[in-house]
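Undergrad: This structure is in structure tokens; I'll ask about it shortly.
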Amino acid sequence: LLLYFSDHLSAEENKLIFGKCNNSNGHGHNYEVQATVKAPVDPLTGMAMNLSELKTHLCSLLQDCHQVCNREKLYFVTGLFCSTTENVAVYIWSQLSDVLGKKNALFEVVVHETDKNSVTYRGEVMLE
């Protein structure tokens, strides 16, 4: 569950901007996350990265993220970031890129909120 709420906005502004997503009980989706790495192909293995390793890292991160982000994740608890799909993508990017390191450079993270709504993040802009 995510809470679409910004401490920088009034209750009225939060409701106007986030609509039904601004619900005190949370707003949930069954998100689908994709991660793409960009690395040279190892001539010995024929792989840029062992996909089971990527899957292990991603599953571990997503299991950790399965909790209510606003209430349990410091990234969102501070009130600096509203837990929109965009900010969830940035959070996943920051955590996964740290784990993968430079050898297996993370190229993009795609978070599908619904079959019609998704966010693609490639590390272009980090929130401050």
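The values are calculated or read from the model by the stated rules, or taken from the named source; none is laboratory data. Treat the numbers as computed from the prediction; the structure is a model and nothing was measured. We place every Cβ from the backbone using ideal geometry, glycine too, and count neighbours over all the protein chains shown.
Undergrad: Given (1) part of a loop (DSSP other than H, G, I, E, B); (2) touching a helix residue (DSSP H, G or I) at 6+ places or on another chain (Cβ under 8 Å); (3) modelled with pLDDT of 90 or more; (4) of a type outside the set (S, T, N, Q), identify the lone condition not met by residue 9.
TA: (3)
Undergrad: Oh, and also: Output the helices (runs of 4 or more DSSP H) that fall wholly within region 29-109 and possess 1 or more residues being at pLDDT 90 or above, or say none.
TA: Details: elements: 51-65, 69-72, 74-77, 85-100.
Those helices (runs of 4 or more DSSP H) span 51-65, 85-100.
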